[in-house]
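Visitor: Quick one: this structure, given as structure tokens, is what I'll be asking you about.
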Amino acid sequence: MEVFEKHESQVRGYIRSFPVVFDKAIGAELFDEDGNRFIDFFAGAGTLNYGHNPEAAVEASIKYLQDRRIAHGLDKATVAKKTFIEVFVKYILEPRGYDYKMQFTGPTGTNCTEAAMKLARQVKGRANIVAFTNGYHGHTMGALAVTGNEAYRDASYGSRGAVSFMPFDGFLGDDIDTIHVFRRFLEDHGSGMETPAAVIVETVQGEGGINVASTDWLQRLAALCKEFDILLIIDDIQVGNGRTGKFFSFEEAGIEPDMVCLSKSIGGGNPMALLLMKPEADVWSPGEHTGTFRGNSMAFVAATELIQQYWADDKLTAEVARKSVIMLEALDGLRDEFPALNCKVRGRGLVLGIETPVAGFSDKVAARAFEKRLVCETCGADSQVNKLFVALNIEDELLHEGLALFREAFREVAQETL
Ligand SMILES: *Cc1c(COP(=O)(O)O)cnc(C)c1O
């Protein structure tokens with residue numbers, strides 16, 4: 001740890017929650033430099049849906065490098081990119097009847113949300129973007145402007161203009177329909193809200209506390225956007241790539257967003273971001289949103305393998321549903337075991353968490369879990385939710401072992417608290 005404390009900036013984050021030096025990783029297991037084994041219930045915050053170093057991707061990547069195929073190509077045409085595009089169309093877009101064009105932005109999620117907002121503003125010739133309470137969209141200036149957590153909103157972050165926040169589904173309690181609130185702001189010309197070019201929304205807020213938008217809410221949001229000529233951007237960076245079961249998190253709602261942001265798991269652990277847009281929204285001029293690492297060849301190679309392996313049929317979707325039941329049973333059990341803690345179990349598919357409205361509780365549980373060699377994190381504006389993200393293809397044995405460790409950690413902290 002000394003070398004990091006001496007030389008790495010104070011900005012370092014997760015290294016503080018998980019103070020060991022990691023070395024090897026395979027599937028849902030991590031090993032530190034001394035060979036200690038950890039179970040991964042974090043999955044790179046949704047980057048490792050297929051686990052660490054998925055075999056098919058590793059083999060294809062080694063071969064690609066060995067043959068000295070092109071590693072860096074800016075956004076030139078390469079065989080790696082062509083093959084990825086063909087596979088993505090064949091296995092993801094065509095079976096769903098989606099007609100999207102693809103933009104490979106710089107390889108981070110925030111670059112993708114940034115591009116989506118920039119493009120939406122151009123399409124509609126309007127500045128305002130509507131974001132939702134507790135949304136999370138990244139850390140560049142534009143993306144920060146639509147991120148809700150007050151920790152990221154003080155004056156030092158600069159201008160956050162041209163963004164209006166609206167309440168997410170359930171934000172105002174069960175009795176208030178937040179789509180109706182949004183409608184009032186749009187239809188009353190005295191509301192003070194400029195008609196937005198777009199809304200940007202997550203179907204499940206992964207960083208914001210595992211808040212799930214209902215199917216009905218998403219359908220009515222999509223209809224409202226159509227009615228008022230507003231583009232709908234779904235940020236599927238964290239909960240896409242099968243995290244909720246289907247490839248896209250909005251499929252069940254039957255909506256077709258104007259733009260979709262994908263990153264995190266799309267490259268199988270490699271940096272990659274992909275913006276999907278309806279053809280009519282593709283008003284870019286050549287090179288208008290650029291970046292040196294647009295289209296990362298190694299990510300294309302890995303993504304091509306993984307999409308063919310996992311998305312040729314519905315098996316992974318069924319796995320997610322089956323494992324979701326196992327995990328929910330464990331979390332519901334903890335909630336019922338300690339009614340005095342007023343816990344709430346949240347999520348859908350394998351985006352799951354347990355909220356405990358006792359200050360500091362969830363952080364203590366995550367720290368205790370780490371002592372037991374289970375890696376998991378917290379989320380929500382007050383770190384009030386223990387977030388459990390497993391690789392979608394985790395072996396049942398590891399899933400049960402990890403859940404047992406989490407239960408132990410939770411019980412110990414609960415007993416100390418109550
Ligand atoms: C992680 C995340 C981002 C930002 O992606 P980075 O790669 O960290 O820039 C944006 N939106 C959502 C929903 C995310 O989970």
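Visitor: Picking from Gly360, Gly347, Leu306, whose Cα lies most toward the positive end of the charge dipole for segment 299-389 (charges on Cβ: Lys, Arg +1; Asp, Glu -1)?
Guide: Gly360
Visitor: Using packing as a proxy for protection, rank 286-298, 345-357 so that the peptide with the highest average count of other Cβ atoms within 10 Å comes first.
Guide: The densest-packed peptide leads the list: 345-357, 286-298.
Visitor: Normalised by the residues of segment 58-310, what does the relative contact order come to in percent, with Cα pairs under 8 Å and at least six apart? Each step should come with its number before you reach the end.
Guide: On the way: 456 pairs, mean separation 75.7, N = 253.
With pairs under 8 Å counted, the relative contact order is 30 percent.
Visitor: Hey, which lysines would be in cross-link range of Lys364, C-alpha to C-alpha under 20 Å, not counting anything within fewer than 8 residues on its own chain?
Guide: Lys344, Lys372, Lys387
Visitor: Cα centroids of segment 66-140 and segment 234-276: how far apart, whole angstrom?
Guide: A separation of 10 Å, based on Cα centres.
Visitor: Name the residues whose placed amide hydrogens come within less than 5 Å of the amide hydrogen of Phe168, ignoring near sequence neighbours (fewer than 5 apart) on the same chain.
Guide: Those lying under 5 Å, H to H, from Phe168 are Thr133.
Visitor: So, one more: Below 8 Å between Cα atoms, with a sequence gap of 6+, how large is the relative contact order for segment 139-277 in percent?
Guide: Reported as a whole number, the value is 16 percent.
Visitor: Under the rule of -39500 (n - 2.57) per DSSP H run of 4 or more residues, summed and divided by the residues of the chain, what mean residue ellipticity at 222 nm is obtained, to the nearest 500 deg cm²/dmol?
Guide: Result for the chain: -11000 deg cm²/dmol, rounded to the nearest 500.
Visitor: Let me ask you something else. With all protein chains present, how much of the accessible area of segment 58-310 (probe radius 1.4 Å) comes from carbon and sulfur, to the nearest whole percent?
Guide: Working: 5310 of 10430 Å².
Whole-percent figure for carbon plus sulfur exposure: 51.
Visitor: Still on this structure, please answer the following. Would you mind getting the accessible area per residue of the chain, heavy atoms of the protein chains only, 1.4 Å probe, in Å²?
Guide: On a per-residue basis, 44 Å².
Visitor: Mind checking which of Leu221, Phe338, Phe38 is farthest towards the positive end of the chain's charge dipole, using Cβ charges of +1 (Lys, Arg) and -1 (Asp, Glu) about the Cα centre?
Guide: Toward the positive end, the furthest listed residue is Leu221.
Visitor: Please report, as a whole percent, how much of the solvent-accessible surface of segment 326-393 comes from carbon and sulfur atoms (probe radius 1.4 Å).
Guide: 45
Visitor: Can you tell me the dipole magnitude for the chain around its Cα centre, using point charges on the Cβ only (Lys, Arg +1; Asp, Glu -1), in Debye to the nearest 20?
Guide: 1020
Visitor: Work through the residues other than Val325 whose Cβ is under 14 Å from its Cβ and net out their charges, Lys, Arg +1 and Asp, Glu -1.
Guide: Net charge around Val325: -1.
The values are calculated or read from the model by the stated rules, or taken from the named source; none is laboratory data. The structure presented is a predicted model; accordingly, all values stated were derived computationally and were not measured. So basically every Cβ, Gly included, is an ideal-geometry build from the backbone, and we count neighbours across all protein chains shown. Heavy atoms of the whole protein, side chains included, go into the accessibility calculation; ligands, DNA and RNA do not. Shrake-Rupley method; radii C 1.70, N 1.55, O 1.52, S 1.80 Å.
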